[in-house]
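Read the structure below first, then the notes.
Taken together, the values in this text are just the output of simple stated rules run on the coordinates, not laboratory data. Here the structure is a predicted model, which means the values were calculated and not measured. Cβ sites come from the backbone with ideal geometry, for glycine too, and all protein chains shown count toward neighbours.
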Amino acid sequence: MYQKVKGTIDYYGVEAKKLQIVSEKVKNTIENFGYEEVVLPIIENTEVFTRSSGETSDIVRKEMYTFNDRGKRSLTLRPEGTAGVVRFFLESKEYANLDLKKYYYFGPMFRYERPQKGRYRQFIQFGVEVFGKSSYLLDVDVIYSAYAIFKALGIENIRLKINTIGDFSSRKDYAIALKEYFKPKLDLLCPDCNERYVSNPLRILDCKVDSESVVLKQAPKIKDYLNEEAKTYFKNVLSALDLLNVPYEVDDTLVRGLDYYTDVVFEFEAMLGDNYLTICGGGKYSDLVKNMGGPDIPGIGYSFGIERLIELMNELNLFKDLEQKVDLVIISLDENTKKQSLKIANDLRKVGYKVELDYASIKMKQQFRLSEKLNAKFVLIYGEEEAKNKEVQIKNQKTGTQETIKIKDLEKYLGENL
Ligand code: HAM
């Protein structure tokens, strides 16, 4: 038997419906904030990620699906959305005549991770990226849009963690301090953290293995290495969040797993099962556009993990009435009326009704069985006699009442009775 690739999900039936509901709600909400959709390729040239997400991030070092195509080009299945949007922003020169660009995307991402609850190898992200002038009000509006999405989906118990990691020069001093601190404690850290010690000690703070260790908890904090400008900026961000009544926790251990961030970083997390899981993460990236060869324009964005969002909504019982209900099943009793019922079905579908019929059988019992299976609200019986009189018999499955009506009056009847 063939099996799906480890860490992937087949969406069908009710699960596919949930995906559709979430996608529509999320897109409607973000469009009110002035965002435009971009649908970008899933494959990019590998450098798009190595130059942006960072060569020292776990994602680039260990988790990318990278391969050579037949023309020997190194390509990568996108592990995240930001790098591709920046590539598009530069390639399309969209920055040339606009002060502010707001994009959103919804689509699959790929990471070679150990699959577990809420962690997959192919997963869906909804994300936004905004490019414009540096402004704490813009940053807060971006964070607020994520908050508004949780609210629009009916999710209340969400925790916003926020921090600032300053600019590159503050981070350099901080990295030196971390190196000094971790040097005598390396044997207490996991093998990966020992590598991170050499490549980028900040990454140690983001380790999934050592996250509960005292050594990490007592490490120097970035806030002690920030310059005045970064501190004031962050204070302004927090005061604007207060103004908008968005609850938050300042978490000075939050650094995020990608290399491009500067200043404000944030995560929205919720209890999933027994653990807190990050549903949405993001931050500002002041130098990424420039580092990828573009003008000096800062960006900010976030991404939601859609599988985690759906799992959370399942736990909170936020999906209701998802069973596909068919409005009508047409039952016809011979070949001729069967053929004509296809026309009746499609005339009704055209005006918005969900209509089904049994394409193969003219046996009454079998066709009624289909209407029960599909939970149809009405059954329409169309036989030789009815065809002759240009009418149908219509049976309300809930009340059991049956009436004869003209085909031309069918639409009106359904409008009044459905
Ligand atoms: P990230 O924190 O790597 O950030 O991922 C964002 C969200 O994607 C996570 O909070 C999680 O919900 C979901 N996610 C990540 N990996 C997996 C996985 N293996 N399985 C299921 N869900 C997953 C980014 O990707 C950045 N591009 C966010 C961003 C946008 N920053 C600025 N702009």
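Annotation note: of Lys284, Lys223, Lys231, the sole residue that is within 24 Å of Pro201 (Cβ to Cβ) and under 23 Å from the mean Cα position of the chain (by Cα) is Lys284. Taking the stretch 157-250 and the helices (runs of 4 or more DSSP H) fully enclosed by it, the elements with 2 or more residues that are over 21 Å from Ser134 (Cα atoms) are at 168-182, 191-199, 214-217. When the stretch 257-281 is filtered for residues that are aliphatic (A, V, I, L, M) and more than 20 Å from the chain's Cα centre (by Cα), only Val264 remains. Restricting Tyr104, Tyr112 to those that are under 15 Å from the mean Cα position of the chain (by Cα), among the hydroxyl-bearing types (Ser, Thr, Tyr) and within 11 Å of the ligand (Cβ to nearest atom) reduces the list to Tyr104. Report yes if some residue within the stretch 239-259 is within 13 Å of the ligand (Cβ to nearest atom) and buried (at least 23 other Cβ atoms within 10 Å of the Cβ); otherwise report no. Among the residues of the stretch 239-259, at least one is within 13 Å of the ligand (Cβ to nearest atom) and buried (at least 23 other Cβ atoms within 10 Å of the Cβ), which makes the answer yes.
Just give me the residues in the stretch 58-93 being without any contact (Cβ under 8 Å) to a residue 24 or more places away in the chain and closer than 19 Å to Val130 by Cβ, in sequence order. Answer for the stretch 58-93, where residues must be without any contact (Cβ under 8 Å) to a residue 24 or more places away in the chain and closer than 19 Å to Val130 by Cβ: Glu91, Ser92, Lys93. If you go through the stretch 121-135 one residue at a time, how many are surrounded by 20 or more Cβ atoms within 10 Å (Cβ to Cβ) and more than 13 Å from the chain's Cα centre (by Cα)? So the count comes out to 3.
Among the residues of the stretch 1-34, the ones that are within 16 Å of the ligand (Cβ to nearest atom) and either part of a loop (DSSP other than H, G, I, E, B) or closer than 14 Å to Ile306 by Cα (or both) come to 15 in all.
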